[in-house]
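The values are calculated or read from the model by the stated rules, or taken from the named source; none is laboratory data. Keep in mind the model is a prediction, meaning the values are calculated, not measured. When we count neighbours, we look across all protein chains shown, and the Cβ atoms used for this are built from the backbone with ideal geometry, even at glycine. Heads up: the accessible areas ignore ligands, DNA and RNA and are worked out on the full protein's heavy atoms, side chains in. Shrake-Rupley method; radii C 1.70, N 1.55, O 1.52, S 1.80 Å.
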Amino acid sequence: MSRDPGLQPERTVLAWRRTALTVTIVTALATRLALIGGTVGGVVAVLSVAGWIAAVLIIYRRTATIPPAPGAPGRVVPLLALVTIGYALMGLLLIATSLL
């Protein structure tokens, strides 16, 4: 069974686009909820938007330079993982502050 080498890069680009859309939606919701929270909420909103900018730039760069054969991920994937962890922590912070 032969494999079409053109489909894997296309699926990868689509996955990165879904990730960008998810990060955008989470940022919009987190910013909306955070702005209700006063000064702490403002800081969370700024961090959320900064993380969104970093994630979108990384995703744009990754999709623009996807090679036909997989290459080494370098520092980009760990940086995106840190941004994702940051979003998870901000979400927990927003949930915790809304319960108080």
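One table, with the values for the structure above:
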| quantity | calculated |
| --- | --- |
| Considering residues of the stretch 28-40 that are touching a residue at least 40 places away in the same chain (Cβ under 8 Å) and open to solvent by less than 60 Å² (accessible area, probe 1.4 Å) only, the residue farthest from GLY86 (Cα to Cα) | GLY37 |
| Residue in the stretch 50-75 that is modelled with the lowest pLDDT, counting only those that are part of a helix (DSSP H, G or I) and loosely packed, with under 15 Cβ neighbours inside 10 Å | ALA64 |
